[in-house]
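K.L.:
Okay, here's the structure, questions in a sec.
The values are calculated or read from the model by the stated rules, or taken from the named source; none is laboratory data. All values derive from a computational prediction rather than experimental measurement. Note that each Cβ is placed from the backbone with ideal geometry, even for glycine, and that neighbours are counted across all protein chains shown.
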Amino acid sequence: MQQQPNIKNAEQAELMRESGRLLAQVFAMLDDFVKPGVTTMAINDEVERFITQELQARPASKGQYDYPYTLNTSVNEVVCHGMPNTTHPLKSSDIINLDITLEKNGFIADSSKMYVMPDASPAARKLVKTTYQAMMAGIEVVKPGARLGDVGHAIQQVAEAEGYSIVREYCGHGIGREMHEEPQVLHYGRPGTGLELKAGMTFTIEPMVNQGSYRTKTKKDGWTVVTKDKKLSAQWEHTILVTDDGYEILTLRAEEKN
């Protein structure tokens, strides 16, 4: 039986809000740093420096499940959990997802953003844009009394309308003092099904959308998940708080506030 989600009180929600605000600053810093020629390990090292030294916080992914790095760097056909390396600088045609977690005062925020290099193809750009729209469609149905199936259905409709597929094996999750709490948040589903949302719940919405089939495989490193058909994949992620009358995006970035 599924455990009950952890409802945050006002004080805990405020601490989550602070973690989310700090994490948004990490992405703002990266906007000028991520460009062709930079290695994913250089991005990793800069994020670790910024979180620990500038923000006086902790990169929550490092050491989690024995993962050795601060963030996931998922390029092109990598769906998720891509590991930073020193040997593959970003190319001018790449798309990359940077998935970062940050813990401050005992509470964790989790978010990811797609970075599109200047010569990325129109098809790659469309996938990235549609995936963002799908995530936002899911977020916009969040309110007390809505169900997780409503969230998944909204995401699935946007992605599949463009001929894309939703990755099934990985999902969003409750978050707070722990990186992974209840509930699991699927990015596909049927309206009116699944857990009922209540004010004070915090969870991530993080759809992974593939250009081709939703099928994936894990590489020999045990972490890197790629599309089976080698087509592109995109992902966006935010940490969400269910409020009394809707939702709040705790990891909202400045460029999204319009």
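K.L.:
Which of the residues spanning region 179-195 are surrounded by fewer than 18 Cβ atoms within 10 Å (Cβ to Cβ) and more than 24 Å from G20 (Cα to Cα)?
P.N.:
R190, P191, G192, T193 - these are the residues of region 179-195 that are surrounded by fewer than 18 Cβ atoms within 10 Å (Cβ to Cβ) and more than 24 Å from G20 (Cα to Cα).
K.L.:
Being surrounded by fewer than 21 Cβ atoms within 10 Å (Cβ to Cβ), under 24 Å from G246 (Cα atoms) and hydrophobic (A, V, I, L, M, F, W, C) narrows it down to one residue among A109, A124, A137; which is it? Step through it out loud before you land on a result.
P.N.:
Numbers: A109 fails: surrounded by fewer than 21 Cβ atoms within 10 Å (Cβ to Cβ); A124 fails: under 24 Å from G246 (Cα atoms).
The match here is A137.
K.L.:
Within region 88-98, identify whether any single residue is buried (at least 17 other Cβ atoms within 10 Å of the Cβ), in contact with a Cys (Cβ under 9 Å, 6 or more places away or on another chain) and modelled with pLDDT of 95 or more, and answer yes or no.
P.N.:
Taking region 88-98 and keeping what is buried (at least 17 other Cβ atoms within 10 Å of the Cβ), we get 90, 94-98.
Next, from what is left, pick out any that are in contact with a Cys (Cβ under 9 Å, 6 or more places away or on another chain): 97.
Next, from what is left, pick out any that are modelled with pLDDT of 95 or more: 97.
The answer is yes, given that some residue of region 88-98 is buried (at least 17 other Cβ atoms within 10 Å of the Cβ), in contact with a Cys (Cβ under 9 Å, 6 or more places away or on another chain) and modelled with pLDDT of 95 or more.
K.L.:
While we're looking at this one, here's another question. Of everything in region 127-173, what is out of contact with any Gly (no Cβ under 9 Å at 6 or more places or on another chain), under 15 Å from E196 (Cα atoms), among the hydrophobic types (A, V, I, L, M, F, W, C) and not in a loop (DSSP other than H, G, I, E, B)? Give them in sequence order.
P.N.:
Result: I139, single match.
K.L.:
Going residue by residue through region 144-152, is there one that turns out to be at pLDDT 95 or above and surrounded by fewer than 17 Cβ atoms within 10 Å (Cβ to Cβ)?
P.N.:
Filtering region 144-152 for residues at pLDDT 95 or above gives 144-152.
From what is left, the residues that are surrounded by fewer than 17 Cβ atoms within 10 Å (Cβ to Cβ) are 144-145.
Scanning region 144-152 turns up at least one residue that is at pLDDT 95 or above and surrounded by fewer than 17 Cβ atoms within 10 Å (Cβ to Cβ).
K.L.:
Let me ask something additional. Return yes or no: is G200 at pLDDT below 95, farther than 24 Å from Q133 by Cα and either touching a strand residue (DSSP E or B) at 6+ places or on another chain (Cβ under 7 Å) or not hydroxyl-bearing (S, T, Y) (or both)? Talk me through it step by step, then tell me what you get.
P.N.:
Values: at pLDDT below 95: no; farther than 24 Å from Q133 by Cα: yes; either touching a strand residue (DSSP E or B) at 6+ places or on another chain (Cβ under 7 Å) or not hydroxyl-bearing (S, T, Y) (or both): yes.
It is false that G200 is at pLDDT below 95, farther than 24 Å from Q133 by Cα and either touching a strand residue (DSSP E or B) at 6+ places or on another chain (Cβ under 7 Å) or not hydroxyl-bearing (S, T, Y) (or both).
K.L.:
Continuing with this model, one more query. Count, please, the residues in region 203-229 that happen to be over 14 Å from the mean Cα position of the chain (by Cα) and either closer than 16 Å to H81 by Cα or crowded, with 20+ Cβ neighbours inside 10 Å (or both).
P.N.:
Narrowing region 203-229 to residues over 14 Å from the mean Cα position of the chain (by Cα): 210-229.
Applying the additional criterion that residues be either closer than 16 Å to H81 by Cα or crowded, with 20+ Cβ neighbours inside 10 Å (or both) yields 210-211, 214-228.
The number of residues fulfilling the criteria is 17.
K.L.:
Would you mind stating whether L23 is assigned to a helix (DSSP H, G or I) and modelled with pLDDT of 95 or more?
P.N.:
When the stated conditions are applied, L23 passes them.
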